[in-house]
Amino acid sequence: MGVLLLASAGKHFRDPGFYRDVVPGYLCRQDPVPGTTQLSTAPGAAAQHPWAVLSRDEWIAVSGLLELAAAVGILLPATRKLTAAALTAMFTAFLAGHVDALVGAYGPHGTPRRRRIHAVRLPLQAPLILWAWTLRKPALGSKPGARV
């Protein structure tokens with residue numbers, strides 16, 4: 001899991017476009033178009049949602065940083081249980097983005113390629129959630145209750 005999280009965190013910064021579709025539009029702040037006071041209007045954008053505190057690129061960077069922190073936390077016996085519980089919650093929260101991306105792939109701006117990609121990405125969340133949940137137990141070789 002640590003290696004997977006490190007690879008994913010790196011991809012957030014090397015290829016942020018890979019994650020663009022899975023950041024729901026309602027979470028994305030609508031910034032003014034540079035040089036104007038007019039808000040940008042992304043396809044399907046509605047009124048600014050109260051949770052829209054970051055731009056799409058900022059959400060991608062924050063989730064990459066969270067995955068990087070989780071990669072370290074899952075490897076440290078002292079933080080493993082807490083990190084695994086947090087990962088379970090994070091992967092569960094990511095379900096909303098994957099559902100939103102799949103719905104969008106079947107919308108007017110969707111393509112057959114995006115439909116295939118998101119039809120695969122959504123169900124992959126289930127094994128990630130279950131795997132993270134199972135990591136709440138102590139790492140191999142560590143004794144329960146032992147202080148590190």
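Kindly report, to the nearest 10 Å², the accessible surface of residue 21 as traced by a 1.4 Å probe over protein heavy atoms only.
60
Hey, if we sort 95, 6 by accessible area with the 1.4 Å probe, largest down, what's the order?
Correct descending sequence by accessible area is 6, 95.
How much length, in nm to one decimal, is gained on full extension between residue 119 and residue 96, taken as 0.36 nm per residue of separation minus their Cα-Cα distance?
Working: separation 23, 0.36 × 23 = 8.28 nm, distance 1.37 nm.
So the extension gain works out to 6.9 nm.
How much solvent-accessible surface does residue 134 expose, in Å² to the nearest 10, with a 1.4 Å probe and all protein chains in place?
70
For the residue pair residue 65 and residue 81, what label-to-label distance in nm results when each label sits 7 Å from Cα along the Cα-to-beta-carbon direction?
Distance between the two pseudo-spin positions: 2.8 nm.
Ordering 106, 19 from largest to smallest accessible area (1.4 angstrom probe), what's the sequence?
Working: 106 145, 19 30 Å².
My answer, sorted largest first, is 106, 19.
Quick query: amide H of residue 54 versus all other amide H atoms, modeled in the peptide plane; which residues come in under 5 Å with a sequence gap of 5 or more or a different chain?
29
Run the accessible area of region 75-140 with a 1.4 Å probe and give the carbon-and-sulfur part as a rounded percent. Could you put the intermediate results ahead of the total?
On the way: 3060 of 4140 Å².
Carbon and sulfur: 74 percent of the exposed surface of region 75-140.
The values are calculated or read from the model by the stated rules, or taken from the named source; none is laboratory data. For clarity, every value in this text was computed on a predicted model and none was experimentally measured. For neighbour counting, all protein chains shown are included, and Cβ atoms are generated from backbone atoms with ideal geometry for every residue, glycine included. Ligands, DNA and RNA are stripped out before the accessible areas are found, and what is left, the full protein with its side chains, is counted by its heavy atoms. Shrake-Rupley method; radii C 1.70, N 1.55, O 1.52, S 1.80 Å.
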